[in-house]
1. I want to confirm something. Restricting to the range 34-49 and keeping residues that are out of contact with any helix residue (DSSP H, G or I) (no Cβ under 6 Å at 6 or more places or on another chain) and not in a loop (DSSP other than H, G, I, E, B), which single residue is surrounded by the fewest Cβ atoms within 10 Å (Cβ to Cβ)?
2. Which of the residues spanning the range 20-33 are part of a helix (DSSP H, G or I) and surrounded by 13 or more Cβ atoms within 10 Å (Cβ to Cβ)?
3. Confirm whether residue 2 is surrounded by 12 or more Cβ atoms within 10 Å (Cβ to Cβ) and at pLDDT 90 or above.
4. How many residues, within the range 9-19, are part of a helix (DSSP H, G or I) and surrounded by fewer than 13 Cβ atoms within 10 Å (Cβ to Cβ)?
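The values are calculated or read from the model by the stated rules, or taken from the named source; none is laboratory data. Quick caveat, the model's predicted, so the values are computed rather than measured. Don't worry about glycine lacking a Cβ; one is built from the backbone with ideal geometry, like all the others, and counts go over all protein chains shown.
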């Protein structure tokens with residue numbers, strides 16, 4: 001889930017940078033780039049990947 005949100009944030013940052021749109025200081029393309037990379041890094045670290053299977057019981061064999 002974090003990777004999808006990170007991809008959207010990176011796409012917004014790219015569009016703002018490509019069109020040279022001036023926004024409020026909190027939403028500069030660079031700050032959005034950092035936020036997007038941070039979200040992708042969280043996904044790669046294993047956060048937001050869903051439920052853990054360690055608590056579930058699978059069928060007995």
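1. 45
2. 27, 29, 31, 32, 33
3. On the way: surrounded by 12 or more Cβ atoms within 10 Å (Cβ to Cβ): yes; at pLDDT 90 or above: no.
For residue 2, the condition - surrounded by 12 or more Cβ atoms within 10 Å (Cβ to Cβ) and at pLDDT 90 or above - is not met.
4. 3
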